[in-house]
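The structure appears below as structure tokens.
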Amino acid sequence: MKETNSKRSISSLAPFILFVILTTCLLSVLLSGADLYQTINQRDQVSYDQRTLIQYLTTKIRQNDVNGQIDVGSFDAVSDSDQGTTLHIFEVIEDRTFCTRIYCHNGYLYELFSAGGLDFSMSEGQPLLPVKDLSFSRFADLLQIDIQYNDSHSETFYIDLRSGEEVAHEK
């Protein structure tokens, strides 16, 4: 009688062991898939932020590329050396001069739009995108932008300022 009881307990234990093995395999596949998804998602987000940053800067410059409206310097002043950490975009609205400052502060790209001549601190701007460092250099009609991203890789790109060119019209 005891032999039959032990055979029954072993035979009823086999499906339970099989269930545990199957559940363990299933959980490991799901967890590794979730980890892979998270890694891919983070990589895509970094790539998206980098493309968006370049597109944002290019669009802002192209929209405001009027002769003498774009300059570089420090946060507080336009520089005579044509190099700096802040891009200044000037525009005149109803006989008042306004300045849009684009700069890097506390690991983010910031934008600050203000009336000319007013003093602001860097933290008063609007944070837009993550970036570690940003600098601008101007060589006549060529604007060089050096970007160092938070993942420590850097990129340099150039924008040709076209404000001095005349538009060709077809006759």
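The values are calculated or read from the model by the stated rules, or taken from the named source; none is laboratory data. Fair warning: this is a prediction, and the values are worked out from it, not measured in the lab. Note: areas computed on protein heavy atoms with side chains; ligands, DNA, RNA excluded. Shrake-Rupley method; radii C 1.70, N 1.55, O 1.52, S 1.80 Å.
Numbers below:
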{"quantity": "Candidate residues HIS88, HIS153, HIS105: accessible-area rank, largest first, probe 1.4 Å", "calculated": "HIS153, HIS105, HIS88"}
{"quantity": "Rounded to 10°, Cα long-axis angle of helix 2-63 versus longest principal axis of the chain", "calculated": "0"}
{"quantity": "Computed over the chain, Kirkwood Rh from alpha-carbon pairs, angstrom", "calculated": "20.3"}
{"quantity": "Mean residue ellipticity (222 nm) of the chain, computed from DSSP H runs ≥ 4 via -39,500 (n - 2.57), nearest 500", "calculated": "-13500 deg cm²/dmol"}
{"quantity": "Hull-based mean projected area of region 56-136, where the convex hull spans the alpha carbons, in square nanometres", "calculated": "5.3"}
